[in-house]
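Participant: Sharing a structure below in structure tokens format, with a few things to ask.
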Amino acid sequence: MYVAVKGGEKAILNSHRLIEDERRGDRGIPELSIAQIDEQLGLAVDRVMTEGSLYDRRLAALAIKQAQGDLIEAIFLLRAYRTTLPRFGASVPIDTGRMQVRRRISATYKDIPGGQVLGPTYDYTHRLLDFGLMDDEAERCQAVSAPAEVDAAMPRVTDLLGRDGLIEEETAEPDETPIADLTRDPLTFPAERPLRLQNLARGDEGFLLGLGYSTQRGYGRNHPFVGEIRLGEVAVEFVPEELGFPIELGEITVTECQMVNQFKGSKTKPAQFTRGYGLTFGHCERKAMSMALVDRALRCRELDEDATAPAQDEEFVMMHSDNVEASGFVQHLKLPHYVDFQAELVMVRSMRAAAGAKEAAE
Amino acid sequence: MAGQEHSEETAARRRWMSVLAGAPAAEVEAAWEGLPARPERQFLRAPETGMVMVRGRAGGTGRRFNLGEMTVTRCAVRLDDGTVGYGYVAGRSPRHAELAATFDALMLRRDEAAAAAVDALARARKARRSATAAKTASTKVDFFTVVRGEN
């Protein structure tokens, strides 16, 4: 346990000044603007919004600047800021089927209505450092515009499978069913899928990536296929009390991953593929895929599978997925533990003394 | 129950509120500046920034869950003749919410200049979407599956 200490105010103040000074770095180099971070480090902004659990590009960019690019620190800043704002309510669930798609791929079907659209991706790049980017005055290439636009709305690949009953159906519950919210109530177990999905959506990308990978390597294997990944803009609708009908607040960018997994059937039910689902703010594809893998692994109880692997243990996953909590507890070890340590020191000394006395007696 | 006329009115209002909320704040400001006359108005509710919890559905169609929050700014204004307009816009711009609310009131009053301005904003949005969709379309692919080994 750590203890309260007094003093050190001047050193703390000066440390704040020192880090501000270091954040700014060499004064001969122009300072980064929030707009530059938003525009040119957009994927970092996306991650901070997703795990910070607050969609606001400029605030996320500000957090990244303030944290000197330490994304977990930036996520912490955004989480802290959100506690200062009132909540007006909850949105109508977003409809990813009506997304204005900027990227949409499927690893299960080659030909899908609307087509496979690569969009902006590093997937097929060679991962060679581009020394052309060293020159910050150089002209950058412009995107190509095709004469015909992509389809306005593309059907979900899983809906195509669903038409033939080949994949388990996702059915909505009645609208009045309350939805668990981990920002209002502490986690309790067993957790229902909506609570798990909220936890995974804001969970640490690295942690979920590792867990997702572990399922592929055999720790809770469920043989996944990417049914579909889509990226694009969806409208967010909200029903203000004073109006009583839904209005659009604007559009947000989201990434959705539909993982199609090994089948499940019984004597009464023909075999069907099962689902894992991932959804994030912005363009966070690795995260959406990892989330979908872990979502599927955590469904082991409802699918009557043996829970033997870490990724299938919901308490283990959900209690350790949050990087703000994890970072807080790990980093609290830096706080003064002088009293605790003194007690341990006394203990070790007495054990050594006892052992020494025994040896001398023999 | 609302009659057919009422629901049509609501649909029209939802459309213009969507356009006003979805337009960049600077475009709404320019639309405001472009009005031949800018009406006096009072705040019924001064601009206030808060959050809305964005919900998703498992698998896109299934059970609802809380994805995360977004910042939203809202405002309510009253024109001299008592018409009340509301603005709810994503983000933290008080001015955007104020102007969205004012345009909402003008549209309810069937103001022609406001209607033309909203139309222009809608056209700009359509053009932005088309430009994006055309860039996206240039990355549409046909994968050929390559036969591996014999047969």
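Rule-based calculations on the coordinates, nothing more; no lab input. These numbers were taken from a predicted model, which means no experiment stands behind them. For neighbour counting, all protein chains shown are included, and Cβ atoms are generated from backbone atoms with ideal geometry for every residue, glycine included.
Participant: Work out, step by step, the length gained on full extension between residue A:58 and residue A:14: first 0.36 nm times the residue separation, then minus their alpha carbon distance; give nm to one decimal.
Facilitator: Extending this stretch completely gives an extra 13.0 nm.
Participant: Separate question: For residue A:217 and residue A:331, compute 0.36 nm times the residue count separating them, minus their Cα-Cα distance, and round to one decimal in nm.
Facilitator: Value of the extension gain: 38.0 nm.
Participant: Would you mind estimating how fast region A:290-362 diffuses translationally, via Stokes-Einstein at 37 °C and 0.692 mPa s with the Kirkwood radius over Cα pairs, in µm²/s?
Facilitator: D = 197 µm²/s.
Participant: Moving to a separate point now. Per the Debye formula with a single identical scatterer at each Cα and no solvent contribution, what log10 I(q)/I(0) holds for region A:9-82 at q = 0.19, 0.24 Å⁻¹?
Facilitator: For the requested q values the scattering log ratios are -0.76, -1.01.
Participant: With labels modelled as points extended 7 Å from the Cα through the Cβ direction, what inter-label distance (nm, one decimal) is found for residue B:110 paired with residue A:138?
Facilitator: My value for the distance between the label points is 6.0 nm.
Participant: Kirkwood Rh, Cα Rg: Rg to Rh for region B:4-122?
Facilitator: When Rh is taken as the Kirkwood radius, the ratio is 1.03.
Participant: Now for a separate question. Take a quick pass over the protein assembly as shown and tell me how many lysine pairs come in under 27 angstrom between Cα atoms, counting only ones 8 or more apart or on separate chains.
Facilitator: Final tally of qualifying lysine pairs is 14.
Participant: Could you tell me the center-to-center distance, by alpha carbons, between region B:81-146 and region A:247-295 in angstrom?
Facilitator: 30 Å
Participant: As I understand it, the dipole of chain B uses +1 on the Cβ of Lys and Arg and -1 on the Cβ of Asp and Glu, about the Cα centre. Which of B:116, B:42, B:138 lies farthest toward its positive end?
Facilitator: Sorting the options by dipole projection puts first B:138.
Participant: Nearest 500 deg cm²/dmol is fine: what mean residue ellipticity at 222 nm does chain A get from its DSSP H runs of n ≥ 4 alone, each adding -39,500 (n - 2.57), divided by its residue count?
Facilitator: -11500 deg cm²/dmol
Participant: Across the protein assembly as shown, what fraction of all alpha-carbon pairs, as a whole percent, falls in each successive 10 Å bin from zero upward?
Facilitator: Bins of 10 Å from zero give 3, 15, 24, 24, 18, 9, 4, 2, 1, 0, 0 percent of pairs.
Participant: Enter the mean number of other protein chain beta carbons within 10 Å of the beta carbon of each residue in A:58-65, as an integer.
Facilitator: For this peptide, the per-residue mean of nearby foreign Cβ atoms is 1.
Participant: What order do you get for B:74, A:102 when you list them from fewest to most C-beta neighbours inside 10 Å?
Facilitator: Ranked by crowding around the Cβ, least crowded first: A:102, B:74.
Participant: Quick one: give the max-minus-min coordinate of the C-alpha atoms of region A:44-164 along each principal axis, largest first, in Å.
Facilitator: If we take the Cα atoms of region A:44-164, the spans are 47, 47, 25 Å.
Participant: For residue A:151 and residue A:341, what is the calculated FRET efficiency with R₀ set at 56 Å and r taken between the beta-carbons, to the nearest 0.05?
Facilitator: Efficiency, from the Cβ-Cβ distance: 0.30.
Participant: Loop sites only, by DSSP: take the GluC sites (Glu not before Pro) in chain B that have at most 15 other C-beta atoms within 10 Å and name the longest stretch containing none of them.
Facilitator: With GluC sites (Glu not before Pro) excluded where exposed in loops, chain B gives B:41-149 as its longest stretch.
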